[in-house]
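Any read-out appearing in this document is the output of simple, stated calculations on the displayed coordinates, not a laboratory observation. This structure is a prediction, so every number in the text was calculated from the model and none was measured. With ideal geometry, Cβ positions are generated from the backbone for all residues, glycine too; neighbour counts draw on all protein chains shown.
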Amino acid sequence: WSSDVCSSDLCRFCDTDFIGTDGPGGGRFADAAALADHLAQTWGERGGRRLVVFTGGEPLLQLDDALVDACHARSFDIAVETNGTRPAPAGIDWLCVSPKAGTELVVRGGAELKVVYPQPGIDLRSLESLAFTHRFVQPMDGPDRVANTEACVAFCLAHPAWRLSLQTHKLLGIP
C-alpha cells in the first residue's frame, strides 16, 4: 500500500503528476487494515454512504483483495479508475476503465469505460463490444481542448452508445 509506482510511462497524460501523498507516512501503511482504518478515521462520523475512490497513477498496482475486504468491513463502497492493464480484484463496487493507446487492455468489463479522446491508436468503435454499462469520451486537455471537445461531441452524436464526459474542474479553472 505504497504510492511508489505511477503508470505515467504507459501514457502521455495523467490526472496526477506526483508520487505519494502528503498524508501520514507519505501515503504508506503497514497493511490493508491500517489503510482502511485511516480512511474510516478521515471519514469520521459523517452519515450517509461511505465511498472511497482509488485513482491516480495506476491503483491496481496496489489495490488487492485484502484492501477491498478491509474497506468493505468498514462500510465503504469502492470505486476505482484504472487504465485496465492489470486484473482487478473481486468486489469493486464501481469499476471505471480509462484505456491508454499502446497498452494491452486486460479489464474488459465494468461499470464505466471512459476514453480520453482523441488518442491515436484507439478505435472507439472497436471498444463497443466490451462489457461496460456506460461508455464515455472525454476531451483530451491541453492547447487543443476546444477542438477535442468538438470532436467528442460530434462522435457522441454519430455514435449514441457513447456519452460526453467533461472534467468540470478544468473548465472552471480549478486545479
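Listed values, structure above:
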read-out	value
Contour excess over end-to-end distance, with Cα ends at residue 31 and residue 146 and 0.36 nm allotted per residue	37.0 nm
Extended-chain gain in nm, criterion 0.36 nm per residue less alpha-carbon gap, residue 103 and residue 172	21.7 nm
Within the stretch 89-131: backbone nitrogen closer than 19 Å to the residue 158 label point (7 Å, Cα to C-beta)	115-129
GNM result for the chain, Cα springs below 10 Å: residue of 142, 27, 110 fluctuating most strongly	142
Local electrostatic count, residue 95, Cβ distance below 10 Å [Lys/Arg +1, Asp/Glu -1]	-3
Cβ-based charge dipole, the chain, positive-most Cα from 54, 89, 113	113
Gain upon complete extension [residue 55, residue 38; 0.36 nm per residue less C-alpha separation]	4.4 nm
Neighbourhood net charge (14 Å Cβ-Cβ; Lys/Arg +1, Asp/Glu -1) for residue 104	+2
The chain - mean residue ellipticity at 222 nm from DSSP helices (-39,500 (n - 2.57) per run, n ≥ 4, rounded to 500)	-6500 deg cm²/dmol
HN-Hα J in Hz across the stretch 130-142 - Karplus 6.51, -1.76, 1.60, θ = phi - 60°, x for Gly and Pro	6, 8, 10, 6, 10, 10, 10, 10, 10, x, 5, 6, x
